[in-house]
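All of the numbers you see were taken from the coordinates with simple rules; none came from a lab. As the structure is a prediction and not an experimental result, all values here were calculated from the model. Cβ atoms come from the backbone with ideal geometry, glycine included; neighbour counts cover every protein chain shown.
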Amino acid sequence: MPIIPEKMFMPPGDRQTSIRTTEAEFLCAFLRERRITRTLEVGFAYGYSAASIISATASKHVVIDPHPERYQDLGAKNLAALGFADLYELRKASSHVALPALVQEGRMFQFIFIDGGHKFDQIFVDWYYSDLLLENGGYVVFHDSWMRSTQVVTEFVRTNRSNYKEVSIPLKSLVVFEKIAESDNRTWDHFREFNTPSLSRLYSNAHNRLKRALARIKRHLAARAGGRQEHPDSSLRT
């Protein structure tokens, strides 16, 4: 269990920026059970997730954040207050710069937590490089799974990346994938269509509307064949 909240300062008006206590507890338990030590995180903010990860691993944690000063450098201050000042490495750069640099350095990780920019393209870029940095048997975790941008990326992984397996967890706000094979054996032109929940509802509603329209047309044609006229939309009248 993390001992974190009591020893950290997070502005009361911005509590939503950090992970929740249930999420912190889950991360700690997840990492400890698997004895993971090499970890990476996109997003730093107030340092709550970083502190939770470090408390579980007692190992050096790499964090990426281009603008820690936007959070009054509270991430660094909070980790120092917890005695973790020497247990993290801050890459002060955008993830699209910092992640390729880590790839170039040959770094590999067992666990990567994606919680940086929340636009679709930002999450997808973070995922793309995380895949290159994640060793076989490692885990990538997406935060804020309720967001459409996150849902599209995670559904792509489910549908198009057979070397990843989703891990069932008790929290709906996180999505966890395990890398179960090192190689990506897709052909050069591979792409499999996929639906996110909202798209599935959209297609279902459109399909139902089409079925109703076809039923009205069939009734209209049947009525004409029987010698009487009926407006195609008469079934909508009261």
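From the alpha carbon centroid of the range 16-79 to that of the range 110-174 is 17 Å.
Compute the Rg/Rh shape ratio of the range 1-129: radius of gyration over Kirkwood radius, all on alpha-carbon atoms. We get a ratio of 0.93 for the range 1-129.
Given N residues in the range 153-192, what is Rg(Cα) / (2.2 N^0.38 Å)? Present the calculation step by step, with values, prior to reporting the outcome.
On the way: Rg = 11.4 Å, N = 40, 2.2 N^0.38 = 8.9 Å.
Dividing the Cα Rg of the range 153-192 by 2.2 N^0.38 Å gives 1.28.
Determine the percent antiparallel among the DSSP beta bridges restricted to the chain, to the nearest 5.
Details: 9 of 26 bridges.
Antiparallel: roughly 35 percent of the beta bridges in the chain.
Per DSSP H run of at least 4 residues, take -39500 (n - 2.57); add these up for the chain, divide by its residues and hand me the 222 nm value, nearest 500 deg cm²/dmol.
Details: 7 runs with 99 residues, N = 238.
Taking each H run of at least 4 residues, the total per residue is -13500 deg cm²/dmol.
The HN-Hα couplings worked out from phi for the range 168-176 by the Karplus form 6.51 cos²θ - 1.76 cosθ + 1.60 (θ = phi - 60°) are 6, 9, x, 9, 7, 7, 10, 10, 10 Hz, whole numbers, x standing for Gly and Pro. For the Cα trace of the chain, dividing Rg by the Kirkwood Rh returns an Rg/Rh value of 1.19.
Mind running the shape call on the range 1-68? Use the C-alpha gyration tensor, a ≥ b ≥ c as the square roots of the eigenvalues: rounded below 1.5 for a/c, prolate if a/b tops b/c, oblate otherwise. Oblate is the answer for the range 1-68, as a/c is 1.5 or above yet b/c matches or exceeds a/b. Our Cα-only numbers for the range 36-99 put the radius of gyration and Dmax at 10.7, 30 Å. What per residue convex hull volume, in Å³, do the alpha-carbon atoms of the range 95-172 yield? Once divided by residue count, the hull of the range 95-172 is 88 Å³.
The slack in the chain from Ala223 to Glu33, taken as 0.36 nm per residue of separation less the alpha-carbon distance, amounts to 61.5 nm.
Checking the Cα-Cα distances for Lys60/Lys165; Lys119/Lys172; Lys7/Lys60; Lys60/Lys92; Lys77/Lys179 against a 22 Å cut-off, the pairs over it are Lys60/Lys165; Lys77/Lys179. In this structure, Val167 and Glu69 have a Cβ-Cβ separation that, at R0 = 30 Å, corresponds to a calculated FRET efficiency of about 0.30.
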